[in-house]
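Here's the structure we're looking at; comments come further down.
What follows is calculated from the coordinates using simple rules that are stated; it is not laboratory data. If you're wondering where the values come from, they're calculated on a predicted model, not measured in any experiment. Cβ: placed from backbone, ideal geometry, glycine included. Neighbour counts: every protein chain shown.
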Amino acid sequence: MTLRLAIVLPTLDERENVAPLLARIEQALGPRGWEAIVVDDASADGTADEARRIARADPRLRVIERIGRRGLSSAAIEGICATAAPFVAVMDADHQHDPALLPAMLAALEGGECDVAVASRYIPGASAAGLAGAGRERGSRLAGRLARRLARVDLSDPLSGYFALPTARARAIAPRMSQIGFKVLLDLLASAPEPLRVREFPLHFAARRSGASKLDRAVAFDFLVGLYDKTFGRIVPTRFALFGTVGGLGVLVHLAVLALLFRAGDAAFVPAQAAATFAAMTFNFWLNNWLTYRDRRLRGAVALLRGWAGFCAACAVGALANVAVAGLLEGHGVHWLAAAGAGIVVGAVWNYALSSRFVWKR
Ligand code: GDD
Ligand code: MN
């Protein structure tokens with residue numbers, strides 16, 4: 001029997017869930033014609049080791065372990081690109097998604113009835129019982145409404161983490177995707193060159209079997225970032241917009257420290273200005289590390305110290321470029337405000353380019 005379907009299972013601390021899930025997949029699909037791919041981000045609980053242990057006895061399971069990387073979206077895409085199967089499904093590894101839907105989803109795809117089969121929590125016959133708490137369900141519905149505008153197709157659950165499609169199609173769309181955060185399906189639908197034909201299948205979204213959810217505030221933030229990326233990202237790249245926002249906040253920090261030392265305290269202007277610059281750079285480094293480059297976050301004292309020094313150096317070069325450009329323009333009769341503005345933009349682009357390249361390098 002040839003390989004028809006790959007089931008991609010992104011995992012983060014799902015050690016106890018893998019073996020029983022494999023058994024349930026086999027129950028749904030039969031013994032052959034499928035493979036499951038665990039894409040693990042170096043889970044602390046040894047999920048990858050456990051998956052490799054299972055895979056030695058059962059080659060239908062494959063394991064990709066990623067070191068120093070994080071993210072459900074990018075894990076799903078990596079799994080999708082790692083299979084030779086003509087169809088691919090993405091599914092949570094925590095048993096919230098019922099593998100019993102797989103045969104119907106696969107049949108719809110093989111019959112050409114749709115481009116994407118989506119397991120939905122919000123159509124008749126489905127339920128979202130597994131969403132612990134009314135707040136979480138309300139959040140999910142609100143995010144869903146925002147997402148539907150972007151998806152360009154009418155579907156009840158664009159944030160579902162359980163869907164299937166032809167692998168070649170996913171591979172073709174993948175380079176256009178932003179691959180940020182949790183919203184793989186939405187990213188796929190919004191990034192496809194033409195609207196995809198979707199068919200939904202009612203899912204009873206169950207409670208997770210073991211372990212805890214990884215959807216936290218950071219993921220909610222990623223969702224907003226993803227929305228920005230899909231709407232304005234082509235005009236002002238998302239990361240640069242974040243970097244610029246952080247820079248703006250840094251100006252406020254600078255002014256606050258300056259006011260505190262120079263106006264309220266009795267420091268002389270130059271040391272106060274130096275201290276304010278220092279405080280703003282440190283603040284910007286911290287916030288950029290936490291927000292703008294959260295996917296490449298520097299951790300540990302040595303990496304942080306080195307990163308911070310590099311960031312300050314990048315800022316110094318940026319400041320030189322800023323002053324040089326502003327001075328040149330002002331010297332040629334450009335209004336001082338416009339000259340200063342141009343200097344700031346040039347300095348920011350410099351800072352951004354240098355710190356992407358040298359501080360938060362891939
Ligand atoms: N490799 C990898 N890397 N896997 C991850 C990561 C990550 O950074 N974060 C989460 N996962 C895995 C989990 O181990 C689990 O198998 C699956 O992705 C879903 O994560 P959960 O933490 O269980 O998410 P949830 O149940 O709170 O969220 C569900 O509902 C969302 C919409 O409300 C998921 O189905 C999401 O896909 C869905 O968007
Ligand atoms: Mn879950």
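Quick query: amide H of Ile37 versus all other amide H atoms, modeled in the peptide plane; which residues come in under 5 Å with a sequence gap of 5 or more or a different chain?
Sorted by chain and number, the residues that satisfy this are Ile7, Val8, Leu9, Arg62.
Cα gyration tensor of the stretch 292-362, axes a ≥ b ≥ c as square roots of the eigenvalues: rounded (a/c below 1.5), prolate (a/b > b/c) or oblate?
Prolate.
Top mean-square fluctuation among Val116, Val225, Val253, Gaussian network model of the chain, C-alpha springs under 10 Å?
Val253
So which lysines pass the test for Lys214, namely a Cα distance under 19 Å, with those fewer than 8 places away in the same chain ruled out?
Leaving aside lysines fewer than 8 places away in the same chain, those within reach of Lys214 are Lys183.
What residues have an amide H closer than 5 Å to that of Leu131, excluding those fewer than 5 places away on the same chain, when H is modeled at 1.01 Å from N in the peptide plane?
none
Which angle between 0 and 90 degrees, to the nearest 10, do you get for helix 238-258 versus the longest principal axis of the chain when only C-alpha atoms count?
Once rounded, the angle reads 40 degrees.
Most fluctuating residue of His335, His95, His254 in a GNM of the chain with Cα springs under 10 Å: which is it?
Looking only at His335, His95, His254, the largest GNM fluctuation is found for His335.
Mind running the shape call on the stretch 241-309? Use the C-alpha gyration tensor, a ≥ b ≥ c as the square roots of the eigenvalues: rounded below 1.5 for a/c, prolate if a/b tops b/c, oblate otherwise. Walk me through the numbers before you get to the answer.
Working: a/c = 3.75, a/b = 1.87, b/c = 2.00.
In terms of gyration-tensor shape, oblate.
For the chain, modelled as a GNM with alpha-carbon contacts under 10 angstrom, which of Ala128, Ala147, Ala316 fluctuates the most?
Of Ala128, Ala147, Ala316, the Gaussian network model singles out Ala316 as fluctuating most.
Check cross-link reach from Lys230 to the aspartates and glutamates: straight Cα distance under 16 Å, and skip same-chain residues fewer than eight apart.
Correct list for Lys230: Asp187, Glu194, Asp222.
So for the chain, considering every pair of alpha-carbon atoms, how many percent are separated by more than 29 Å?
When every Cα pair of the chain is considered, 50 percent fall beyond 29 Å.
Go through the stretch 165-175 residue by residue and turn each phi into a ³J(HN,Hα) via Karplus (6.51, -1.76, 1.60, θ = phi - 60°); whole Hz please, and just put x for glycine and proline.
7, x, 4, 4, 5, 4, 4, 5, 7, 3, x
What are the GluC sites (Glu not before Pro) within the stretch 109-145 that DSSP puts in a loop, where the Cβ has at most 13 other Cβ atoms within 10 Å?
Glu113
Rounded if a/c is under 1.5, else prolate if a/b is larger than b/c, else oblate: which is the stretch 236-362, with a ≥ b ≥ c the root eigenvalues of its Cα gyration tensor? Can you show the working numbers first?
Numbers: a/c = 2.02, a/b = 1.19, b/c = 1.70.
It comes out oblate by the Cα gyration axes.
Given only helices, namely DSSP H runs of n ≥ 4 each adding -39500 (n - 2.57), what is the per-residue ellipticity at 222 nm of the chain, to the nearest 500 deg cm²/dmol?
Rounded to the nearest 500, it is -16000 deg cm²/dmol.
Can you grab the distance from the C-alpha centre of the stretch 193-261 to the C-alpha centre of the stretch 132-169, Å, no decimals?
16 Å
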